[in-house]
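The numbers here are math on the coordinates, done by the rules we state, and not lab data. Note that this is a predicted model, so its numbers are computed, not measured. Every residue, glycine as well, gets a Cβ built from its backbone with ideal geometry; the counts of neighbours run over all protein chains shown.
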């Protein structure tokens, strides 16, 4: 099939002089940045370069209209529903259900049209009123095309009912037909006319209908020949029309708004049992006769003609060109694909076209701050490139609020997009760290399962504690649960906080054991040991003996371990020497406290053993 | 259909590069006035300049954002033979109220002896890494091993391209099937200069970048180069801005057929070539899904190229200036809620014929 023809759309950017300058640009997720520049660096600008403007450019502005939003939302529901019931669509009811889906889409279009129409009427200034009205026209055209496609491709009306459907179609879209049919019905043989066409259930066969119709025609002819209507030229003209006299019909051109109205009327009177495959002959000649060589067909005419020719691909192609939004072609093509029509027409890339259009539509939705959520479902139903397209789009969604971030993460987690989850959480964790919101940073690191970053944030917490003497975000640390296991440093943070809690609850024995185990199990980083030992001091100075002799020996061992390594790490720095002074004092205090505690512990344990 | 809105740039000299951040909510501009400006998009959609500072002692050619996983980090490169890395510091609450933020220089990369023409961060899965290229024909790859300490960068690789380099592009593919790859373009106009586009690939064994390919069919000066985002394809797509727009595919030849341990060999095909820009094409850049290529050229236009589902590339849009002055008020686009096309005939087909619709 031919590729999408049509000239590229030209967008003019005011303020840029394309004759003298060039443009530099960059893509954004939903917009484009453009700026006037000059690439040929060798040329010196004649005049002082003025400060240019930066341009933000985006497409598919329709996405932003709040009225159309309803269209997008409701059609999304119909789309998802259709994908889900696909397996259940079997047998005879399949066609009926697909027709129902088609009618649902059309009613959504009509509802949107109605609302737009109300806005047009209520518009305060003529310019916006005109804008709304033009929108109504475009929606109307879309419904017109969809309706015809429904009759020809989905309903697949056979000869007989076909004309009835076409009559309804025209009646729905052209109001003038009401007046014309009123005229016709006012003719000599209204009863026969009515009974002929208003047969519910259509119990007659095509042949019977044809026979009846022939009789009726012959009667009309006879009337004409006999000059029954000679006295009234209008009635005569009417009779000619009923006999399908095209010239007579064309004389009433003002009443016929367009060629397809002409076509259906013509068929009504000359070929009411027209077969679908013959439609396009009459359509083409009707178009030619109606235009009469004065004007050429317009895009809408070409689309309808392609439909009459049962050239589905041409219909889709022409619609893609005529409409700037992918909404229409994406949904219609998807529905036709479910009718198994695309494959029948062209096996090679039938299914790819559906996906291509859906991907285009969904990508457009992602530019919008809330409609992107609809886009997710469309990507889900694109088996080839849907997932990877979703991955690329979803990680670009700006995470302005926590709520939005959680929404995005939930979507990724539901689809096992683990890399996107990790990346998004990392971005949020990094942002939190830079803003010194350590609790937030920690919870994002945990969600990202990022052990390295969790270690980093835990270190920050510990550093904060050392500087300020208290913890921030106690709630979070207290309730880490199994997440504590993510990284050693995080485990230490959690346990260290637990130590403080135990101490606060005066459970000194437990606190002491925990403190010791933090050092002996190597969970505590060596850089923190001094702090831990200093934390042990109040426990050593208590009236009752808390650390057992064994435990005291362990503490002493830790202290010696720590101090023996010190000379290697000593800096010739002056500040460091000063710190060493403080350090030395601390160490001495600890040694004293430990020795005293050891003595008391030995005595106590000795006495107990003794008794 | 596109809509444009303008923002007064306020640079005192020519702007050379504009760059969106990852989420499209911040942008950076750099200029011959030696400064970089950062702009933020507010909730209401307006853009405000939140930082403006002198970055170099010469024209600033390019500015680029690191992935937000590394925080708020920018890199710039300049005629003054240096590239620099900048980090945003969360400021005092006063600054926040005034809507200003501060950027500090974390490092200056001074290894080049000539103008540094391009700087690009590597894909995030490679860590915090960037590449620069210079008129001295050397591509330099730097890494910051500790992402929390951006003042420590080490020069990991120096790749000699022998020709004056104008542009570089990292292959964004994070697939384990592909080794890190970088494409380099040269705008050297001397007649002996042959290899205008070179592709280097990282070798896990030698831990070095080795030349994998030279695109011999590109013989004119190259101004820009861009790998397309990879949607799970086994092959790579590369766009080149030279005297025309060219799009190449590079299909890795199966490893068993090549000598083991060497760089991958590629089957190179040209899938599109467009000379609509009339003379030189200066920039090429892919959208985020790699489905549309934008190019900018001597004709003063930006053109958009897209492949249909049959893989035929066509121009689908043109952005051009009409030279008319911008309306006084900035930040105003013509927001036009429309479902239709720029061709009015579709609605005329209905309007001209039927009267205003009656709904049944």
How would segment B:187-314 be classified by its alpha-carbon gyration tensor: rounded, prolate or oblate, with rounded meaning a/c under 1.5 and the a/b versus b/c comparison settling the rest?
oblate
So the pair-distance distribution of segment B:24-165, from every Cα-Cα distance in 5 Å bins, comes to percents of 2, 10, 19, 22, 20, 14, 8, 3, 2, 0, 0
By average Cβ neighbour count within 10 Å, what is the ranking of B:64-73, A:528-537 from highest down?
B:64-73, A:528-537
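Taking only C-alpha pairs under 8 Å that are 6+ residues apart, what is the relative contact order of segment B:189-260 in percent? If you can, show how the numbers build up before the last one.
Details: 98 pairs, mean separation 15.0, N = 72.
Normalised by residue count, the contact order of segment B:189-260 is 21 percent.
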First check a/c for segment A:273-372, with a ≥ b ≥ c the square roots of the eigenvalues of its C-alpha gyration tensor; if it is under 1.5, answer rounded, and if not, answer prolate when a/b is larger than b/c or oblate otherwise.
oblate
Relative exposure of A:526, B:140, judged by other C-beta atoms within 10 Å (fewest first)
A:526, B:140
To make sure I understand, if each residue's beta carbon is the centre and we count other beta carbons within 10 Å, what order do A:427, A:411 fall in, fewest to most?
A:411, A:427
Using the Cα gyration tensor of segment B:239-308, with a ≥ b ≥ c the square roots of its eigenvalues, what is the shape: rounded (a/c below 1.5), prolate (a/b larger than b/c) or oblate (neither)?
prolate
Separation between the residue B:90 and residue A:212 pseudo-spin-labels, each 7 Å from Cα along Cα→Cβ, expressed in nm?
8.2 nm
Mean projected area (nm²) of the alpha-carbon convex hull when segment A:332-449 is viewed from all directions
7.8 nm²
Exercise: per-residue mean of other protein chain Cβ atoms within 10 Å, A:447-453
1
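What average count of beta carbons from other chains do you get within 10 Å of the Cβ of residues in B:226-236?
Working: counts 0, 0, 0, 2, 2, 7, 6, 1, 0, 0, 0.
Mean partner-chain Cβ count within 10 Å for B:226-236: 2.
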Could you state the number of Å between the C-alpha centres of segment B:215-253 and segment B:145-168?
22 Å
To the nearest 0.05, how large is the calculated FRET efficiency for residue B:114 and residue A:467 if R₀ is 41 Å and r is the Cβ-Cβ distance?
0.30
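By counting other Cβ atoms within 10 Å of each Cβ, how are A:69, B:81, A:507 ranked from fewest to most?
On the way: A:69 17, B:81 20, A:507 13.
So the ranking, lowest neighbour count to highest, is A:507, A:69, B:81.
Which whole number gives the average count of other chain Cβ atoms within 10 Å of the Cβ atoms across peptide B:21-33? Could you put the intermediate results ahead of the total?
On the way: counts 4, 6, 10, 14, 6, 2, 7, 2, 6, 1, 5, 5, 2.
Per residue, the average neighbour count from other chains is 5.
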Which value in nm describes the separation of the simple spin-label points at residue B:151 and residue A:527, placed 7 Å from the Cα toward the beta carbon?
1.6 nm
For segment B:134-194, max minus min Cα coordinate along each principal axis, in Å, sorted largest first?
46, 31, 14
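So for segment A:293-394, averaging the separation of alpha carbon pairs under 8 Å that are six or more residues apart and normalising by length, what relative contact order in percent results?
It comes to 16 percent, rounded to a whole number.
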Take the Cα atoms of segment A:93-141, find their three principal axes, and give me the spread along each one in whole Å, biggest first.
50, 16, 8
